[in-house]
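Here the structure is laid out as structure tokens; the discussion comes afterwards.
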Amino acid sequence: MADASQTRGGPALPTAYGHCAWHGGTTRDIRLIHIEQTGSGPGTGRRRFACHPCQIEHGLVPLADRP
Ligand SMILES: [Zn+2]
């Protein structure tokens, strides 16, 4: 799917590239959605990222966008 709307204004955020935990693929523009607390020690939480389509489909709100 081509996306020609790349000219939107706004803060210049770095493009994240990684694994989307919801559809199970590697993609761009992922956001950190959730940190699982594994309870096995400090700093060991498993971070779960989602791509933009999955955020919309599943109603996910990135941690950084929550109040
Ligand atoms: Zn996804």
Quiz item: T15 versus (1) surrounded by 10 or more Cβ atoms within 10 Å (Cβ to Cβ); (2) at pLDDT below 90; (3) among the β-branched types (V, I, T): which is the lone unmet condition?
Solution: (1)
Quiz item: Would you pick out the residues in segment 40-58 that are charged (D, E, K, R) and either within 16 Å of the ligand (Cβ to nearest atom) or open to solvent by less than 90 Å² (accessible area, probe 1.4 Å) (or both)?
Solution: R47, R48, E57
Quiz item: Quick one: is A4 modelled with pLDDT under 85, surrounded by 10 or more Cβ atoms within 10 Å (Cβ to Cβ) and not hydroxyl-bearing (S, T, Y)?
Solution: no
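The values are calculated or read from the model by the stated rules, or taken from the named source; none is laboratory data. All values derive from a computational prediction rather than experimental measurement. Here Cβ is always computed from backbone atoms with ideal geometry, including for glycine, and neighbour counts include all displayed protein chains. Areas reflect the complete protein model, heavy atoms only, side chains present, ligands, DNA and RNA absent. Shrake-Rupley method; radii C 1.70, N 1.55, O 1.52, S 1.80 Å.
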